[in-house]
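Asks: Quick one: the structure is below, questions incoming.
Computed from the coordinates by the stated procedures, all read-outs in this text should not be read as laboratory data. Only a predicted model underlies this, so the values are computations on that prediction, with no experimental measurement involved. Here the Cβ positions follow ideal geometry from the backbone for every residue, glycine too, while neighbour counts run over all protein chains shown.
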Amino acid sequence: MRWKPGAIALVVGLVVNSAVLAQTPAPASYPLWEFGTIPRPAFKRVLLGIAAVQEELKLTPAQKKAVEDIWTRRTAEVQEARRKITDRAKFAEARVGILRDAQKEALDCLEPKQRDRLDQIQLRSQGPLAFHTAGWPQLALEGPEVTKRLGLSDQQTRRVREIAEAGEKEIEAAAAVPIALDPKAGAPTPESIRKLVEGPEFKAAKRKTRQAAHEAWAAVIRRIEAVLTEPQRAAYRTLLGEPFDLAKVRFDESEADEDAGMVAQALNVGGGGGGGGQQADPSFDTKVARPAYRDQHPRVLFDEAHHNFHTTDGRYKPFAQIIASDGFKVIPNKGKFTKELLAGGEILIIANALGAEGMGAAGAADSAFTDAECDVVRDWVRAGGSLLLITDHAPFGSAAESLAKRFGVDMSKGYTSDPSNSEGDATSLVFTRKNGLLGDHPITRGRDDSERVNRIQTFTGQSLKGPAGSVAILRLGDTATDELLEGKTTSAAGRAQGIAFAFGEGRVVVMGEAAELSAQLIGTQRFGMNVPGLDNRQMALNIMHWLSGLLEPRAEPKKKAE
């Protein structure tokens, strides 16, 4: 995905994926990830891009532009290094060097008093984390640890780290905002979530949670200060400087948007607002200039019965709308798969099914389907149905594995990266005709040159290996690797992130990454079909055209469209 120039996420490869989301509380609550409420690394390059910090530092327009230009240029250097350096260890070393130089260059744009105040704001944002930075190796670029700056002994250092590590867990537990839903109101929707977060009960619960987290934070700092000598305590308070309202340090201008996004993310409801989570891009144009089906309308069953992360009224709303504009009849499926249910459709779409509600929930990685469901889908496809199975990085691969195996598809179930064929992050893979990673298939050729696919990008997924006779429409390069769930890293050469094949009388397309066929936002950052310069939109249509038989027509169509 793409981030603003100057944001640390763009530079060091921070991606929103299940490894991060799985750390959030169960859907009954969500973490109040505010500055000053939960300790955060508060990288200086992040702080410099936030309006409240710029105002506190009194940055001039020239300074703001200079800092932004530095990060734009240095980000390009990191991306170039990714393309040229195939060895992961050597690339990591090169990236550290670029970041170190960028940090120095940006800080050189500031006056001494501004640098001192920025340091104070960072320490205030870190709180106990400043004494326990082991989980954030990038903080080594920010300067000496506070334990060294205060001259702590080895024994003091060990003790404050223990306190800080335990204290962070206490603070995070206190910072869990309860989500009180009305059980009689039915399943939550983006609209009901918005109403919830704007209500007085939610706001009161949030204030109470914030106060509890602040008290836990203060208690941890008191325990840390008890380990320090009086001169060390005085020195630490000097390093903190004058008070600063950390509540002003936020990425979203609208607190309600942020709340709605976080609640939607916790409840696995797509389309929620704000930068706290992924949402469908409301500005994405879903009109199709040349609809494939004007008179007949192939029936598409879109699965929403298996704790799906993507639904027709949520994060996959743009996909559902664009294929509807193309003439397909989209029918949200709310039932378990049976022979009778599948008889009502010609194409079945399953997007990121889960074994339980929510990515971080216990059982999310369990099979999303019963053995009977897997068998009935297999038999339906073999008899002439078409299946689009979209399954992302962990935990989605594990949840869909039982169904994929019915079709001879192997899933890595982890995370796939390739620094030589990526952009923005090593897991945001790029498939082009130039790099030879786009397979030759009707899906990539389209009906004519106007539908030809030339450039596709994916946004953190897993790898696949199809059965004999399958075509890798998105082929992984020789430098691609899989980070597996057990912590091992293996080569992904010869595997794919998109495959297509015939199965009996039917057809199957399996995609190992979901965002590529969506049009989503995190804050203002686009990823999916809405990213300029990509052909993901056209590939989504071409996939549907092949599954429906418009591309590479079948000799005898199994069913007639309505």
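Asks: In Å and from the alpha-carbon atoms only, list the Rg and Dmax of the chain.
Replies: Every Cα atom of the chain included, Rg and Dmax give 25.2, 86 Å.
Asks: Sticking with this structure for a sec: For LYS413, give me every one of the aspartates and glutamates with a C-alpha distance below 20 angstrom, ignoring sequence neighbours fewer than eight places off in its own chain.
Replies: GLU357, ASP366, ASP371, ASP392, GLU401, ASP425, ASP478, ASP482, GLU483, GLU486, GLU513, GLU516
Asks: A follow-up question, please. Once both axes come from the Cα atoms, what is the angle between helix 88-107 and the longest principal axis of the chain, in degrees from 0 to 90, rounded to 10?
Replies: Its long axis makes an angle of about 50 degrees.
Asks: Next question. Which FRET efficiency value, to the nearest 0.05, do you get for ALA289 and ASP379 by plugging their Cβ-Cβ distance into 1/(1 + (r/R0)^6) with R0 = 35 Å?
Replies: It comes to 0.40.
Asks: Work out which trypsin sites (Lys or Arg not before Pro) in the chain are exposed loop sites (DSSP not H, G, I, E or B, at most 10 other Cβ within 10 Å) and give the longest gap free of them.
Replies: In short, 1-183.
Asks: Using R₀ = 51 Å, calculate the FRET efficiency as 1/(1 + (r/R₀)^6) where r is the Cβ-Cβ separation of LYS334 and LYS148; round to 0.05.
Replies: 0.30
Asks: Something else about it: Run lengths n ≥ 4 of DSSP H only: what is the helix-derived mean residue ellipticity at 222 nm for the chain, with -39500 (n - 2.57) per run over all residues, to the nearest 500?
Replies: -11500 deg cm²/dmol
Asks: Continuing with the same structure: Using 1/(1 + (r/R0)^6) with R0 = 45 angstrom and r between the beta carbons of LEU484 and LYS195, what's the FRET efficiency to the nearest 0.05?
Replies: 0.60
Asks: Mind checking the angle between helix 200-227 and the chain's longest principal axis? C-alpha axes, 0 to 90 degrees, to the nearest 10.
Replies: Compared with the principal axis, the helix lies near 50 degrees.
Asks: Round to a whole angstrom and tell me the spacing of the C-alpha centers of the stretch 276-344 and the stretch 489-544.
Replies: What the calculation gives is 15 Å, centre to centre.
Asks: Modelling each spin label as a point 7 Å along the Cα-to-Cβ direction, I'd like the ALA166/ALA92 distance in nm, to one decimal.
Replies: Between ALA166 and ALA92, the label points sit 3.1 nm apart.
Asks: Ok, one more. Could you name the lysines whose alpha carbon sits less than 24 Å from that of LYS329, not counting residues in the same chain fewer than 8 places away?
Replies: Filter leaves LYS287, LYS317, LYS339, LYS558, LYS559, LYS560.
Asks: While we're on this one: List the aspartates and glutamates whose Cα sits under 14 Å from the Cα of LYS488, skipping any in the same chain fewer than 8 residues away.
Replies: Excluding near neighbours in sequence, the set is empty.
Asks: Additional query: Scan the stretch 482-552 for GluC sites (Glu not before Pro) in coil per DSSP, keeping those whose Cβ has at most 10 other Cβ atoms within 10 Å, and list them by number.
Replies: Hits after loop and neighbour filter: GLU486.
Asks: Also: Size of the dipole of the chain about the Cα centre, Lys and Arg at +1 and Asp and Glu at -1 on the beta carbon, nothing else charged, in debye to 20?
Replies: Using Cβ point charges on Lys, Arg, Asp and Glu, the chain gives about 540 debye.
Asks: Distance from the Cα centre of the stretch 395-440 to that of the stretch 66-121, in angstrom?
Replies: Between the Cα centre of the stretch 395-440 and that of the stretch 66-121, the gap is 30 Å.
Asks: With only alpha-carbon atoms in the gyration tensor, what are the semi-axes of the equivalent ellipsoid for the stretch 291-441, in Å, largest first?
Replies: 25, 22, 16
Asks: How big is the charge dipole of the stretch 291-395 about its Cα centre, in debye rounded to the nearest 20, if each Lys and Arg gets +1 on its Cβ and each Asp and Glu gets -1 on its Cβ?
Replies: Working: 10 positive and 14 negative charges, 60 e Å.
Computed charge dipole of the stretch 291-395: roughly 280 debye.
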